[in-house]
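The values are calculated or read from the model by the stated rules, or taken from the named source; none is laboratory data. Small disclaimer: the values here were computed from a predicted structure and weren't measured. All Cβ positions, even for glycine, are placed from backbone atoms using ideal geometry, and neighbour counts span all protein chains on display. To get the accessible areas, we keep the full protein, side chains included, count just its heavy atoms, and leave off ligands, DNA and RNA. Shrake-Rupley method; radii C 1.70, N 1.55, O 1.52, S 1.80 Å.
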Amino acid sequence: PAEQIPIETRIEQLLTRLSETQACGFEDLFEDVTSKGDMIVTFIALLEMIRLRLIRVFQAGSFGPIRLYQAKTAAAGREGYTV
């Protein structure tokens, strides 16, 4: 079986990606996912990032696209997040 990426590592990867683009579509964060395990880790990482207020999530309408933005405070203090 393939080795699973730690959630902390995936959070760092996602924060780096968001810092480069300012905003991202929900589906875009799964582009590099190659296994079901990576998909689960990515989703759990997103939930944790929301809980820690590292990202903001918006959806226009019930079935509209989901957009993620890095929280303004996350850019300044992301070095010291704890999971």
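Details
- Selection status of residue 53, surrounded by fewer than 13 Cβ atoms within 10 Å (Cβ to Cβ) and of a type outside the set (Ser, Thr, Tyr): yes
- Among the residues making up the stretch 22-35, those that are surrounded by 13 or more Cβ atoms within 10 Å (Cβ to Cβ) and either in contact with a helix residue (DSSP H, G or I) (Cβ under 7 Å, 6 or more places away or on another chain) or farther than 15 Å from residue 70 by Cα (or both) are 24, 29, 30, 33.
- Selection status of residue 52, touching a residue at least 12 places away in the same chain (Cβ under 8 Å), out of contact with any Ser or Thr (no Cβ under 9 Å at 6 or more places or on another chain) and within 12 Å of residue 70 (Cα to Cα): no
- Residue-level analysis places residue 38 among those that are open to solvent by less than 40 Å² (accessible area, probe 1.4 Å), among the charged types (D, E, K, R) and either assigned to a helix (DSSP H, G or I) or under 15 Å from residue 68 (Cα atoms) (or both).
- Given (1) farther than 24 Å from residue 63 by Cβ; (2) touching a helix residue (DSSP H, G or I) at 6+ places or on another chain (Cβ under 8 Å); (3) surrounded by 13 or more Cβ atoms within 10 Å (Cβ to Cβ), index of the condition residue 19 fails: (3)
- Under the condition of being under 24 Å from residue 72 (Cβ atoms) and without any contact (Cβ under 8 Å) to a residue 12 or more places away in the chain, the residues counted in the stretch 28-42 number 1.
- Taken together, the residues in the stretch 51-83 that are at pLDDT below 95 and in a helix (DSSP H, G or I) amount to 9.
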